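> Please see the structure below; I have some questions.
Since every read-out is calculated from the coordinates, none of them should be taken as a lab result. For clarity, every value in this text was computed on a predicted model and none was experimentally measured. We place every Cβ from the backbone using ideal geometry, glycine too, and count neighbours over all the protein chains shown.
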Amino acid sequence: MNINFMRSSGKEKIALYLKQEIVLLFILLHAAIVSAQSPHCIDERYGEIAIFDSSEIIINQNVNFANATHYFTGQNTSLDMDIYMPDPAVDPIENRPFILMIHGGGFLGGTRSELAYECFSLAQRGFVTATIDYRVGWNCDNVICVNCYGTNMQKAIYCAVQDARAAMRFVHTNRSDYGIDDNWMFMGGESAGSITALLSATWDQNEVDSWAPPGFSAEVGSLNSSGNNLPNEYQVRGNVNHCGAVVNLSHLDNNTDYPIVSFHDSNDCVVPYGYGPVIACFCSGFLGVYGSSSIHSYQLEHGRCSELHTVPQILPNHCQFPKYNLVNLASCFMKRLMCGYCLSFENSDIYARALCANQGAPQIIPGCTYENASNYNSSAQEDDGSCMFSNSCLADLNADNIIGVEDLMILIGAYGQSCGN
């Protein structure tokens, strides 16, 4: 079942709000019917409300899932993951849905800890989650675009997909160790990680061979033959896409039952909202991709489930959807799938209420919960990832306690502007 509607503005907002409430009522009634059939269609669980506190989440760190040779350095690379899960001692559910989250960084850098907030928050809602390493770096200095060849990026993307598939094979093989229901396995990520997740679930070897540099798969192995030799028996049931893209829309046809929820900036110059080159803020003219808007339109044209949440912008930016609400909306998206239905719609309100089965529950106040942060909110009941720390490194321009590609983009975007008096 697909329900399509689009958010608007002006006088239409009232009518739209009423329409959403009707849709929500239908969802709740439908959920009551299918809940007996679905083991994860559980009221209050997997929704926008955290049901476990921080002391009830177990983190298994540095779990090795693969070892692979880095194409550009020739060095053997150990690939690890961090796995987040509710403590089995307090969680009555034995096997839970799983989502693999993959960090961004332009395939140049980044660390799995960058998605720790999302993984921890989804685990608090009842999921088992994991964030992974993958091979990064492709001989590109993207500040001045030295050695930034599209064919090098193609090779890096191919290897990243190999690593993501190796991670999914490992999780599926060891699912009983972490209490995972392999009927409900999802993938997601941010920026380059989201590109990796989307391609990992949709790429066909013959199609990617026609896209990648000639003979590359013969040199590094197939998509499913790197990192480990575990069986390739998992199924991906949906994707949480934060400012990602695909290299060819027709590749989505390889997995026609693959719902996607997307979050994207309308004026993204790193990964285009529609079609365009990647890293256009710094370089130009190489490796065109189809961003979230194009993916959403293609999915709808082919009768497939898709949500698109847009950050309206005038100035260029990247991956700016609020983390707290992204978790809420993504959690509800996956819960709807597990309850047997899906909504297809567009939304440009970054603070929109998640359409989930917990609407009658008390509202949790989001905010910064770290007392040493400059914007600490004593009334906040759940951290929303907005904390700003006065002692952060000077290079940490977005105040997330990590010096990463996002900080570099902020600096480049402001280059040449007057600082005023």
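> In whole Hz and in residue order, list the ³J(HN,Hα) couplings for region 266-275 that follow from phi through the Karplus curve 6.51 cos²θ - 1.76 cosθ + 1.60, θ = phi - 60°; x for Gly and Pro.
Result, rounded to whole Hz: 5, 10, 7, 9, 9, 10, x, 5, x, 9.
> In what sequence, highest mean first, do 239-252, 171-184 appear when ranked by Cβ atoms within 10 angstrom? Working shown, then result.
Details: 239-252: 23.8, 171-184: 17.0.
Per-residue Cβ counts within 10 Å, averaged per peptide and sorted highest first, yield 239-252, 171-184.
> Long-range amide H contacts for A66: which residues qualify at under 5 Å (H placed 1.01 Å from N, peptide plane, sequence gap of 5 or more or a different chain)?
Answer set, sorted by chain and number: L79.
> Please compute the modelled spin-label separation between E371 and F72, points set 7 Å along Cα→Cβ, answer in nm with one decimal.
Between F72 and E371, the label points sit 4.4 nm apart.
> State the Cα centre-to-centre distance between region 190-255 and region 310-343 in whole Å.
22 Å
> Please report the net charge: other residues with Cβ closer than 12 Å to the Cβ of Q299, K and R +1, D and E -1. The partial results should precede the final answer.
Values: positive: R304; negative: D253, D257, E301, E307, E346.
It works out to a net charge of -4.
> Could you derive backbone 3J(HN,Hα) for region 114-121 from the dihedral phi with the Karplus parameters 6.51, -1.76 and 1.60 (θ = phi - 60°), listing whole Hz in sequence and x where the residue is Gly or Pro?
For region 114-121, the Karplus-derived couplings read 5, 10, 4, 4, 4, 5, 5, 5 Hz, x marking Gly and Pro.
> Taking amide hydrogens as modeled 1.01 Å from N in the peptide plane, which residues meet the under 5 Å criterion relative to G137, leaving out close sequence neighbours?
Result for G137 returns L108, G109.
> Check which residues have an amide H placed less than 5 Å from F186's amide H, if you skip close sequence neighbours.
Counting only residues 5 or more places away or on other chains, the set is F98, I99, L100, R237.
> What ³J(HN,Hα) values, in whole Hz, does the Karplus curve 6.51 cos²θ - 1.76 cosθ + 1.60 give for region 39-47 when θ = phi - 60°, with x put for Gly and Pro?
Taking θ as phi minus 60°, the curve returns x, 10, 8, 10, 4, 6, 9, 6, x Hz for region 39-47.
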